[in-house]
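The values are calculated or read from the model by the stated rules, or taken from the named source; none is laboratory data. Just so it is clear, the model here is predicted, and its values are computed rather than measured. Ideal geometry is used to build each Cβ from the backbone, glycine not excepted, and the neighbour counts take in all protein chains shown. Remember, those area values only see protein heavy atoms, side chains included, never the ligands or the DNA or RNA. Shrake-Rupley method; radii C 1.70, N 1.55, O 1.52, S 1.80 Å.
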Amino acid sequence: MPFGPGPADRTDLARVMEQVAQGDKQAFSVLYDALAPLVFGIVIKVVRDRAQSEEVAQEVMIDLWRQAARYRPDASSVTTWAATIAHRRAVDRVRSAQASADRERAQAAREHRTAFDEVAEQVEIRLDSEQVRRCLRGLTELQRQAVTLAYYRGLTYREVAEVLRTPLPTVKTRMRDGLIRLRDCMGVTT
């Protein structure tokens, strides 16, 4: 019997399956003995890991016990039904393991990249801050005050003019000139 049960065995297994559907533990023992090698053979070909295959095969046999009432002899033989469940469960296990490994790799990459990026970003921010402070020192007092109020305190042109008690057109000119000097000092190209 190298390729599974013969026609007479199929009828017998269908009857055994009916008894399993009614909760007959002895019938399940017969079903287990008849199908476990087939189920394990299918599972190990897909999963390829003996320990995982044994676990999946066990889950398939439990599914056969639990789902016995769903078996329809007019749709397929018991062996075909069991083989289908085994194959699907094995493929699910492989996909689940692959998805888990992919998630772990992605998380490790995010953690590694995040740690590196945080350090690099902090260094870059510190260097940029030092350069901005140095460039701000190169502005006139009115330019430095106007730019500082606008960019660090978020004031509008009008509000900067009010705080500095300076005419609005003068503030706009000083800010424009100050920003041009900052741009040149920072090496920003337009």
(message) Restricting to Cα atoms and excluding each atom paired with itself, what does the Kirkwood estimate give for the range 99-190 in Å?
(response) 15.8 Å
(message) If I take the Cα coordinates of the chain and project them onto the principal axes, what are the three extents in Å, biggest first?
(response) 104, 30, 28
(request) Considering only 78, 160, 56, give the residue with the highest GNM mean-square fluctuation for the chain, with springs between Cα atoms whenever their separation is below 10 Å. (result) 160
(request) Might you work out the accessible area of residue 170 for me, using a 1.4 Å probe with all protein chains in place, and round it to the nearest 10 Å²? (result) 40 Å²
(message) As an exercise, identify the trypsin sites (Lys or Arg not before Pro) in the range 116-160 lying in DSSP coil whose Cβ has no more than 14 other Cβ atoms within 10 Å.
(response) 153
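So what is the calculated 222 nm ellipticity per residue for the chain, using -39500 (n - 2.57) for each DSSP H run with n of 4 or more, over all residues, to the nearest 500 deg cm²/dmol? Mind showing how you got there, number by number?
Details: 7 runs with 154 residues, N = 190.
About -28500 deg cm²/dmol.
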(request) Could you compute the FRET efficiency for residue 87 and residue 66, with r as their C-beta to C-beta distance and R0 at 25 Å, rounded to 0.05? (result) 0.90
(message) What number comes out for accessible area per residue over the chain if the probe is 1.4 Å? Units Å², please.
(response) 69 Å²
(request) Leaving ligands, DNA and RNA out of it, work out the accessible area of residue 100 with a 1.4 Å probe and give it in Å² to the nearest 10. (result) 40 Å²
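What Kirkwood Rh does the range 29-125 have if only Cα atoms enter the pairwise 1/r average? Answer in Å. Display every interim value, and only then the final one.
Numbers: mean 1/r = 0.0628 Å⁻¹.
Hydrodynamic radius (Kirkwood, Cα pairs) of the range 29-125 is 15.9 Å.
Heavy atoms only, probe 1.4 Å: what % of the accessible area of the range 123-162 goes to carbon and sulfur, would you let me know? Each step should come with its number before you reach the end.
Numbers: 1430 of 2840 Å².
On the range 123-162, the fraction of accessible area on carbon and sulfur atoms equals 50 percent.
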(request) Find how much the distance from residue 94 to residue 140 grows on full extension, using 0.36 nm per residue of separation minus their present alpha carbon separation; answer in nm with one decimal. (result) 9.7 nm
(message) If I ignore ligands, DNA and RNA and count only protein heavy atoms, how much of residue 162 is accessible to a 1.4 Å probe, in Å² to the nearest 10?
(response) 130 Å²
